[in-house]
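Colleague: Take a look at the following structure, please.
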Amino acid sequence: MFGLITELSRWAIPVVLLMVPLIAALRGVKVYETFVGGAEAGFATAVKIIPYLVAMMVAISIFRASGAMEALVMFLSPFLNIIGLPAEVLPHAIMRPLSGGAALGIASDTIKTYGPDSFIGRLVSTMQGSCDTTFYVLTLYFGSVGICKYRYSIILGLVADLTTLAASIFIVRTIFGI
C-alpha cells in the first residue's frame, strides 16, 4: 500500500502538467497564448505588490532588530508555559503570522539547536506546516487589490493562528507522547 502511495505521489504532478495543456488543446484553447497572457497578468500583479512587500519586510526587520521580539517573548513566556508552550518556540509563533521566510529561518535554527526529534523540533515543524502568514496575506494580497476595510480578517486570522498553535501543541503531545 505504501509503495502505491509513493508511486502515485511521484507521478501526480507530471501527469497534471501533461493533462491540463492536453485537455485545453483538445477543447480548442490556444494553450501557449493563454499561458503567455497569464504570465503577463502575473508579472503585472508582482509589480503591483512590490511596495507592500518592501514595507512589510522593513517592518519585520525593525521588529526583530530593535529587540521587540525578545521583549515580547520574555513578557509572554510565563503565560504560555501554562499551556505547555516552551519559550524556545515563542519566536517562531510570533514571527509565523508576519513572515513565512523569517519563520522558516527561526524554525531551521530551532531545529538545528534542539534536534528534529525533540519536542521543540517537532512542535516548530508542526507549527511551520500548519499555520499561515496572516499579516503577510492581509498586507500583500488585500493591499494589492485595494481592500482597505479588513478589520475582521485580522481578528479571524489571529484566532486561526492561536487555534493552530494550540492544536500543534495538542497534536505533538498526543502523537509523540511528550
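Colleague: Show that you can apply the helix-only estimate: for the chain, add -39,500 (n - 2.57) for every DSSP H stretch of four or more residues, divide by all residues, and state [θ] at 222 nm to the nearest 500.
Modeller: -25500 deg cm²/dmol, from helical runs alone.
Colleague: Just to be sure I understand: with springs between alpha-carbon atoms less than 10 Å apart, which residue in Val16, Val89, Val159 has the highest mean-square fluctuation in the Gaussian network model of the chain?
Modeller: Sorting by GNM fluctuation, first place goes to Val16.
Colleague: If the cut-off is 17 Å between C-alpha atoms, which aspartates and glutamates fall inside it for Lys30, apart from same-chain ones fewer than 8 positions away?
Modeller: Leaving aside aspartates and glutamates fewer than 8 places away in the same chain, those within reach of Lys30 are Glu40.
Colleague: Let me ask something additional. How many times 2.2 N^0.38 Å is the alpha carbon radius of gyration of the range 79-178? Don't skip to the answer; put the middle values down first.
Modeller: Details: Rg = 14.4 Å, N = 100, 2.2 N^0.38 = 12.7 Å.
The value comes to 1.14.
Colleague: Hey, another quick one. Treating cross-link reach as a plain straight distance, find the lysines whose alpha-carbon is under 26 Å from the alpha-carbon of Lys48, omitting any fewer than eight places away in the same chain.
Modeller: Straight-line reach from Lys48, under 26 Å: Lys149.
Colleague: Rg to Rh for the chain: what is it, with Cα atoms only and Rh by Kirkwood? Don't jump to the answer; show the numbers that get you there.
Modeller: Working: Rg = 20.7 Å, Rh = 19.4 Å.
Radius of gyration relative to Kirkwood radius: 1.07.
Colleague: In the chain, with Lys and Arg counted as +1 and Asp and Glu as -1 at Cβ, which of these residues, Ala93, Leu18, Gly115, has the Cα nearest the positive end of the dipole, that is, farthest along it?
Modeller: Value computed over the given set: Leu18.
Colleague: Continuing with this model, one more query. Tally Lys and Arg at +1 and Asp and Glu at -1 over the other residues with C-beta under 10 Å from the C-beta of Tyr114: what net charge comes out?
Modeller: Values: positive: Lys112, Arg122; negative: Glu88, Asp109, Asp117.
Result for the neighbourhood of Tyr114: -1.
Colleague: Which is farthest toward the positive dipole end of the chain among Val31, Val172, Phe79, measuring Cα position about the Cα centre, with Cβ charges +1 (Lys, Arg) and -1 (Asp, Glu)?
Modeller: The residue sitting most towards the positive pole is Val31.
Colleague: Using the Cα centre as the reference, give the magnitude of the dipole from point charges on the C-beta atoms of the chain (Lys, Arg: +1; Asp, Glu: -1; all else neutral), rounded to the nearest 20 debye. Can you show the working numbers first?
Modeller: Numbers: 11 positive and 9 negative charges, 61 e Å.
That gives a dipole near 300 debye.
Colleague: Here's something else I'd like to know. Just in the range 82-163: which trypsin sites (Lys or Arg not before Pro) are loop by DSSP and have at most 10 other Cβ atoms within 10 Å? Don't skip to the answer; put the middle values down first.
Modeller: Working: sites: Lys112, Arg122, Lys149, Arg151; in loops: Lys149.
Sparse-neighbourhood loop trypsin sites (Lys or Arg not before Pro): Lys149.
No value in this document is a laboratory result; all are computed from the given coordinates. Here the structure is a predicted model, which is why all the values come from computation and not from measurement. Neighbour counts run over all protein chains shown; Cβ positions are idealised from the backbone, glycine included.
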